[in-house]
Amino acid sequence: SSIQVGAHSDSNAVTIGSADGSPAPVIIAGPCAVENREQLLVTAKAVRAAGAQILRGGAFKPRTSPYQFQGLGLEGLRLLAEAREMTGMPVITEVMEPELVETVAEYADILQIGSRNMQNFPLLLAAGRHSQGRPVMLKRGLAATIDEWLLAAEYVVAAGNPNVILCERGIRSFDPQTRNVLDLCCVPLLHELTHLPVIVDPSHATGRRELVPTMARAAIAAGAEGLILEVHPNPSSALCDGRQSITGEELRGIVREARLLEQLLGGKGSISYVA
């Protein structure tokens with residue numbers, strides 16, 4: 001099945017997934033965290049120019065350490081809305097608390113539930129009941145089985161929102177060479193088990209920008225409907241996840257390769273813009 005995402009500011013829409021399951025990569029890109037207005041708007045212009053269809057950016061950040069940058073909060077949401085107005089791109093951002101679902105849905109076109117909250121059942125239920133029909137992207141937990149992941153998605157669906165996108169972002173491993181291990185086996189497996197679209201996050205899966213293009217290609221080859229990628233104008237100065245962030249020019253190459261792979265694999269394309 002497909003999920004249509006419409007930007008608040010105009011009548012354009014992006015469709016994620018397709019009835020026949022053909023690969024048609026939707027590219028979601030932007031900074032890990034909204035740091036300030038200039039950083040976000042520069043990045044938004046760059047990812048739009050590179051061919052991305054949806055802008056990502058974290059206003060609320062679940063960090064491992066309480067002393068790390070936690071995000072701009074409501075100000076970050078306002079900046080994301082400004083970036084959408086400027087670019088026409090729908091935006092996706094993370095919601096961390098059940099009480100904030102309605103507020104985030106007022107600003108965002110897609111709500112993200114992060115890996116650490118995959119089994120936050122009050123949050124899942126709130127996303128099903130109070131997301132104003134916005135699609136919900138559910139990231140796989142750090143050590144979650146596929147069944148646990150699907151049942152977490154079922155909480156959102158059963159609570160009233162059928163528009164769920166599954167995101168594979170890597171699972172915890174013993175090897176410190178990469179941040180996580182990208183489980184690409186789950187992509188075709190999920191296509192057998194569920195109708196929900198599946199996208200892949202090679203940024204968090206690898207934690208290393210030099211590995212992101214290769215794993216992005218692998219994800220599309222495995223049949224993922226899209227990619228979510230972290231992009232920053234100056235990764236070395238990023239307040240969050242700079243090591244895995246790519247530049248706008250690097251994103252352009254990934255988008256080009258993803259489109260070529262789509263054609264090679266015979267995908268008819270499931271990305272549509274409707275007036």
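Tallying residues that are closer than 23 Å to Ala153 by Cβ, over 17 Å from the mean Cα position of the chain (by Cα) and not aliphatic (A, V, I, L, M) within the range 198-249 yields 0. The condition (being of a type outside the set (D, E, K, R), modelled with pLDDT of 90 or more and more than 20 Å from Ile54 (Cα to Cα)) is satisfied by just one residue among His232, His204, His191: His191. With the condition kept exactly as written, say whether any residue in the range 208-216 is in contact with an Asp or Glu (Cβ under 8 Å, 6 or more places away or on another chain) and touching a residue at least 60 places away in the same chain (Cβ under 8 Å). Checked the range 208-216: no residue is in contact with an Asp or Glu (Cβ under 8 Å, 6 or more places away or on another chain) and touching a residue at least 60 places away in the same chain (Cβ under 8 Å). Listed conditions (1) touching a residue at least 24 places away in the same chain (Cβ under 8 Å); (2) more than 26 Å from Leu40 (Cα to Cα); (3) out of contact with any Leu (no Cβ under 7 Å at 6 or more places or on another chain) are all met by Ile228, apart from (2). Within the range 82-111, residues that are crowded, with 19+ Cβ neighbours inside 10 Å reach partners that are polar (S, T, N, Q) and assigned to a helix (DSSP H, G or I) with beta carbons closer than 8 Å, at six or more positions or on different chains, in the pairs Met96/Asn117.
One residue stands out among those in the range 165-207 that are within 23 Å of Leu251 (Cβ to Cβ) and among the charged types (D, E, K, R): the one that is surrounded by the fewest Cβ atoms within 10 Å (Cβ to Cβ), which is Arg179. What are the pairs with Cβ atoms under 6 angstrom where one residue, in the range 258-274, is closer than 20 Å to Leu196 by Cα and the other, located anywhere, is aliphatic (A, V, I, L, M) and modelled with pLDDT of 75 or more? Sequence gap at least six, or different chains. From residues that are closer than 20 Å to Leu196 by Cα, the pairs are Ile271/Val26. The one condition from (1) closer than 21 Å to Lys61 by Cβ; (2) at pLDDT 95 or above that Ile146 does not meet is (1).
Residues that are at negative phi, surrounded by 14 or more Cβ atoms within 10 Å (Cβ to Cβ), in a strand (DSSP E or B) and in contact with a Leu (Cβ under 9 Å, 6 or more places away or on another chain): does the range 157-164 have at least one? First the steps, then the outcome.
Keep residues of the range 157-164 that are at negative phi, which gives 157-159, 161-164.
Those left that are additionally surrounded by 14 or more Cβ atoms within 10 Å (Cβ to Cβ): 157, 159, 161-164.
Still in the running and in a strand (DSSP E or B): 164.
From what is left, the residues that are in contact with a Leu (Cβ under 9 Å, 6 or more places away or on another chain) are 164.
Checked against the condition, which is being at negative phi, surrounded by 14 or more Cβ atoms within 10 Å (Cβ to Cβ), in a strand (DSSP E or B) and in contact with a Leu (Cβ under 9 Å, 6 or more places away or on another chain), the range 157-164 yields at least one hit.
Of the strands (runs of 3 or more DSSP E) lying entirely inside the range 1-105, none contains at least 3 residues that are touching a Pro at 6+ places or on another chain (Cβ under 8 Å), more than 30 Å from Leu264 (Cβ to Cβ) and modelled with pLDDT under 90.
The values are calculated or read from the model by the stated rules, or taken from the named source; none is laboratory data. Please read these numbers as outputs of a predicted model, since none were measured by experiment. Reconstructed Cβ throughout: ideal geometry from the backbone, glycine too, with neighbour counts over all protein chains shown.
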